[in-house]
1. Return yes when Glu212 is modelled with pLDDT of 95 or more, among the charged types (D, E, K, R) and closer than 20 Å to Val55 by Cβ and no when it is not.
2. Assuming Ile104 fulfils every condition listed in (1) outside any helix (DSSP H, G or I); (2) more than 16 Å from the ligand (Cβ to nearest atom); (3) in contact (Cβ under 8 Å) with a residue 12 or more places away in the chain apart from one, which condition is it?
3. Would you confirm whether any residue within the range 79-98 is within 16 Å of the ligand (Cβ to nearest atom) and either of a type in the set (Lys, Arg) or without any contact (Cβ under 8 Å) to a residue 40 or more places away in the chain (or both)?
4. Looking at the range 50-75 only, could you name the residues that are within 15 Å of Val39 (Cβ to Cβ), away from the ligand (no atom under 14 Å from the Cβ) and either β-branched (Val, Ile, Thr) or not in a helix (DSSP H, G or I) (or both)?
5. Please go through (1) among the hydrophobic types (A, V, I, L, M, F, W, C); (2) within 16 Å of the ligand (Cβ to nearest atom); (3) touching a strand residue (DSSP E or B) at 6+ places or on another chain (Cβ under 6 Å); (4) assigned to a helix (DSSP H, G or I) for Val126 and return the number of the only condition it doesn't satisfy.
6. Given the criteria modelled with pLDDT of 95 or more, within 16 Å of the ligand (Cβ to nearest atom) and surrounded by fewer than 24 Cβ atoms within 10 Å (Cβ to Cβ), does Asp33 qualify?
Amino acid sequence: MTPRHILPIAALLAALVLPCSAAEKLIALTFDDGPRPYVLYGLKPPGSPPGLLEVLDRGGVKATFFVMGWRLTPKTWGETRHETNIGITCLEAARDVLRRGHEIQNHTYSHADLRVAERKKGMAWVLADVERGAQVVQALTGSKPQYLRPPDWDLTDDARRQLENRGFRILTISSQNPPAQRDVNSLDYLCAGKGTGCPKPSLAQSVLKGIEQREKHGLTTHVLVFHELTTTTAQLPELIAALKGKGYRFMTISEYMKLVR
Ligand SMILES: [Zn+2]
């Protein structure tokens, strides 16, 4: 066979092989439990590390924030006992989150454990808490948030069905969602406070290791779950740089779900 004949065959083979081998590497970075202005902007003293929003801007990353509805009420700046008031309300911070191109989705209004709440207060209460969370997000964004991440991913099958019937898409760590659409738990909450149980050698390295494990199973798309925590913010520059180095592209959850099956 002359080179003239080989070339078209090589091109044909490449066309057949490429769509698989050039699989897209996508990440939906998500943050629960906010808006927390002291995390989003950092604490004010000069020399303080940058806030989460600045870190994301520097990395050119658009993320998704699963917020607690109660925070999006006027004048609320956070939890008095555990958080610092930096003079910015959660609502102001949420508007800025949107202005910067991030997405806001639903983490319920009260942040109650929905399985426990269903047992103690009934299904109607659970549905109302999710709807109320959706309403405050809608008041802010202009459209009903499609995605719901239940606190601690705790939800009965019955509640899941009822919420899906109402148009919510449920994010979960369980096998009810296909692997590519399943939440990857970073365990970052174990690094806050005293940090007992924080993944070793660091949160960033542990998340990267988890992604390598998924890649071994052929998964190159991941929904990463973090929380609005200063300890998490501190790990993000390293993590974002490493993932970009591996060829990953970051996007909001709704963009991600359009591309990933
Ligand atoms: Zn939560």
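1. On the way: modelled with pLDDT of 95 or more: yes; among the charged types (D, E, K, R): yes; closer than 20 Å to Val55 by Cβ: no.
No; evaluated as a whole, the condition is false for this residue.
2. (2)
3. yes
4. Taking the range 50-75 and keeping what is within 15 Å of Val39 (Cβ to Cβ), we get 50-57, 63, 65-68, 71.
When the remaining residues are screened for being away from the ligand (no atom under 14 Å from the Cβ), the result is 50-57, 63.
Pro50, Gly51, Val55, Ala63, listed by residue number.
5. Evaluating Val126 over (1) among the hydrophobic types (A, V, I, L, M, F, W, C); (2) within 16 Å of the ligand (Cβ to nearest atom); (3) touching a strand residue (DSSP E or B) at 6+ places or on another chain (Cβ under 6 Å); (4) assigned to a helix (DSSP H, G or I) leaves (3) as the failure.
6. Details: modelled with pLDDT of 95 or more: yes; within 16 Å of the ligand (Cβ to nearest atom): yes; surrounded by fewer than 24 Cβ atoms within 10 Å (Cβ to Cβ): yes.
For Asp33, the condition - modelled with pLDDT of 95 or more, within 16 Å of the ligand (Cβ to nearest atom) and surrounded by fewer than 24 Cβ atoms within 10 Å (Cβ to Cβ) - is met.
The values are calculated or read from the model by the stated rules, or taken from the named source; none is laboratory data. Computed from a predicted structure; not experimentally measured. Glycine also receives a Cβ, built like all others from the backbone with ideal geometry; neighbour counts cover every protein chain displayed.
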